[in-house]
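I have placed the structure first, in the form of C-alpha cells, so that the comments after it can refer back to it.
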Amino acid sequence: MKEIRKSKGNWTQFLSGVPAKDYVFQAAPYEEQIKKAAEMIRNSDMVLIGAGAGASAAAGLTYSGTRFTDNFDEFIEKYGSANMTDMYAAGFYPFPTPEAKWGYWSKHSIINRFVPPALPLYQMIYQIVQKKDHFVLTTNVDHQFWKAGFTDERIFATQGDYGMIQCEKGCHQKIYDADKLFHQMDQARRDCTVPSYMVPACPVCGGNMAMYLRSDQYFVEDEHWHEAAKRYGYFRERINNKKAVLLELGVGFNTPVIIRFPFEKMMREYENLSLIRLNLNDAVIPESFGKRAIGINADMEKTIIDLCKEFG
Ligand SMILES: [Zn+2]
C-alpha cells in the first residue's frame, strides 16, 4: 500500500545520484514522440514493461471522486468524511475491530480487484507487446495484467494482490485466495462490519490475517513470488544483448526503487536498451540517454490509444 500513497516530496528530491540538471522534459512535439516510440517498439525483439500506480489510475481505477463516494458512502457516513477522503486514506484508517477491518477491505478488494473486467488500457498494452518477447514488472495489486491476457509466466507483481490474504505476522510463507471469503463478507456486511465468525485466522499460528500487500516486514514471499522473481531476473539477463525496450508506465517517485531507478540503471549500463517513459506528470528523463529515451508527459490512456494506432 505504501507505494500508492501520495508522495510528500517531488521528483527533484529523488534523483538516484543524478544531478538535477540532467533530468529534462523532452521538447519534441507529441505526435513525433508517438511515432518514435512506436518505431522503438517495432524495431525491438524484447519489451520489458514496468507498471506503477499511474497505469491503473489512467485505466480508470481511480481511488477518489465518485468511484469512492458512490461505493463507500456507508463508510464515509460511519467514519466521517474527514477520515474517508478517498481509498488511499480509507485503507489506512485504524479500524477498531477485525470485523470492521474486514468490512472495509472486503469492499475495497471487490471494487478494485474482482468487479472490474480487463480494462481497455491494459488490453491495448497487451496488443502492443503480444508479438514481442515481453515481461511485466509491476507494483500494482489489481490483477489487471492477467485479466488483459498476459500469461502468469510473464508477470512479476512484487507488492501483492488485493485478492489474497496472508498471516499478519508472516509466520509461514503461504498466501490464501480470498475471492469466496470477500464475496461472502460482502453479502453479510452490516453497518460496515462483517460477522465475527467470518474473520479469518491464521491456520498455523492462529493469529490475525492481513491483506496480501507489502506494507511491512511481514509481507509473504511465497514459492510463486520467488519463481516470478527468478523469471524476471532471467529476462533481465537476456535483454542485455538484445534490441530491447523498457516501457515504463505510470511509475512516479513514490516507490522509484522497484522500477524507475533500476530501469535508469539498466539504461546506463547497456547501450542496446531504449526507454519509453509514459507519465502524467513525471516523464522527465536523464538527458544523457539522448535519442535512446522518450518521455511522454500526457494522459496515458490517450498515449496508449495513439500508440496502438501506429500498430494498425
Ligand atoms: Zn500465522
Taking the stretch 173-183 and keeping residues exposed (fewer than 14 other Cβ atoms within 10 Å of the Cβ) and either over 22 Å from E227 (Cβ atoms) or within 15 Å of the ligand (Cβ to nearest atom) (or both) leaves Q173, K180
If you go through R190, R236, the only one that is of a type in the set (D, E, K, R), within 27 Å of I285 (Cβ to Cβ) and away from the ligand (no atom under 16 Å from the Cβ) is R236
In the stretch 65-79, residues that are surrounded by fewer than 14 Cβ atoms within 10 Å (Cβ to Cβ) and within 22 Å of the chain's Cα centre (by Cα) total 2
If we keep only residues of the stretch 254-312 that are of a type in the set (V, I, T) and in a helix (DSSP H, G or I), then the residue surrounded by the fewest Cβ atoms within 10 Å (Cβ to Cβ) is I305
On the given criteria, is F135 away from the ligand (no atom under 16 Å from the Cβ), in contact with a Phe, Trp or Tyr (Cβ under 6 Å, 6 or more places away or on another chain), modelled with pLDDT of 95 or more and within 25 Å of F311 (Cα to Cα)? yes
query: Is it the case that some residue within the stretch 196-213 is out of contact with any His (no Cβ under 9 Å at 6 or more places or on another chain), within 14 Å of Q159 (Cα to Cα) and within 16 Å of the ligand (Cβ to nearest atom)?
result: yes
Of G103, G50, the only residue that is crowded, with 20+ Cβ neighbours inside 10 Å and under 30 Å from Y234 (Cβ atoms) is G50
For the stretch 80-96, the count of residues that are touching a residue at least 60 places away in the same chain (Cβ under 8 Å) and surrounded by 15 or more Cβ atoms within 10 Å (Cβ to Cβ) equals 2
Among helices (runs of 4 or more DSSP H) completely within the stretch 32-105, the ones holding 2 or more residues that are within 30 Å of Q127 (Cβ to Cβ) and touching a strand residue (DSSP E or B) at 6+ places or on another chain (Cβ under 8 Å) are 53-59
Taking the stretch 58-91 and keeping residues small (G, A, S) and farther than 21 Å from F135 by Cα leaves G60, S64, G65, G80, S81, A82, A89, A90, G91
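The values are calculated or read from the model by the stated rules, or taken from the named source; none is laboratory data. Remember, it's a predicted structure, so these values are computed and weren't measured experimentally. Cβ coordinates were reconstructed from backbone atoms using ideal geometry, including for glycine residues, and neighbour counts include every protein chain displayed.
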